[in-house]
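Here's the structure we're looking at; comments come further down.
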Amino acid sequence: MKLSLDGVKKMHAVLSADPHYLAKSEKTRLRIVEQALKVIADRGLEQASFAALAEEIGVSRPLITHYFSKKEELFVEVIHFSVANAQIHVGSAFDETKSALKNINSYVKSNFEWAKKFPDHLKMWMAFLYHCTFNPEYLKFNSEVREIGRSRLKSFVDRGIKNREASNLDSEYIASVLYNQVVHLVISSVTQNGVDIRNYRALRKLTRELLKTES
């Protein structure tokens, strides 16, 4: 199993489905992935052995290896799970009927809300980013995920320019700056005392300044 956006898409479908319609095997597999994320967040990837995971979940090790033959395969699916979880949470904040500025602010706010609601995902993501420093496959996947977020922001900035909500016409620059700031502040909350809402307020101010709007 390799990291891919297709893997995220499949996990997105599982998480979005009515649990009553999921097969027993899908539920078991998802439960293993969810618990693996928690173990990785609490102990680190190196200490997240199949034995430790089996003990945490209360199942046999053979059951885990039935779904994931190697720990790396499980880690890949944990990453797919975390990205899909974030996409569902952040995606629900958009409203095409609202202004570009409100959608951008909703995007920023929903990222902070996600980080506050799912702190274990952030801890796991730190482990993933570490692996990106020496694993080209992980680095490529991270770039693809970042581009999705940046492109979504750019689409709203472009709409704001079209609707004369913004006077700054450099949507590429605006989207890149905002996305990088969101990622930086959300990730940094792992090493601080949790998510600081003041960072969200600061980003709202930055958004207005970048768009050059008084809205």
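Just a few scattered comments:
- Residues being among the hydrophobic types (A, V, I, L, M, F, W, C) and under 12 Å from the mean Cα position of the chain (by Cα) - total across the stretch 90-124: 7
- Test: residue in the stretch 157-170 that is free of Cβ contacts under 8 Å to residues at least 60 places away in the same chain, of a type in the set (Gly, Ala, Ser) and within 17 Å of Val108 (Cα to Cα): no
Condition check ((1) free of Cβ contacts under 8 Å to residues at least 40 places away in the same chain; (2) outside the structural domain of Arg29 (by TED's automatic domain parsing)) across all residues:
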residue: Glu55; (1), (2): yes, no
residue: Leu63; (1), (2): yes, no
residue: Ser110; (1), (2): yes, yes
residue: Ala115; (1), (2): no, yes
residue: Phe128; (1), (2): no, yes
residue: Asn135; (1), (2): yes, yes
residue: Lys154; (1), (2): yes, yes
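- Residue match in the stretch 138-157 (condition: under 19 Å from the mean Cα position of the chain (by Cα), within 22 Å of Glu72 (Cβ to Cβ), of a type in the set (Gly, Ala, Ser) and at pLDDT 90 or above): yes
- Single residue of the stretch 181-197 satisfying the filter (under 17 Å from Ser110 (Cβ atoms) and modelled with pLDDT of 70 or more) that is surrounded by the most Cβ atoms within 10 Å (Cβ to Cβ): Val182
- Elements of type helices (runs of 4 or more DSSP H) contained in the stretch 1-119, each with 2 or more residues being under 30 Å from Thr207 (Cα atoms): 5-16, 71-91, 100-117
The values are calculated or read from the model by the stated rules, or taken from the named source; none is laboratory data. Just so it is clear, the model here is predicted, and its values are computed rather than measured. Neighbour counts are summed over all protein chains in view; Cβ atoms, including those assigned to glycine, are modelled from backbone coordinates with ideal geometry.
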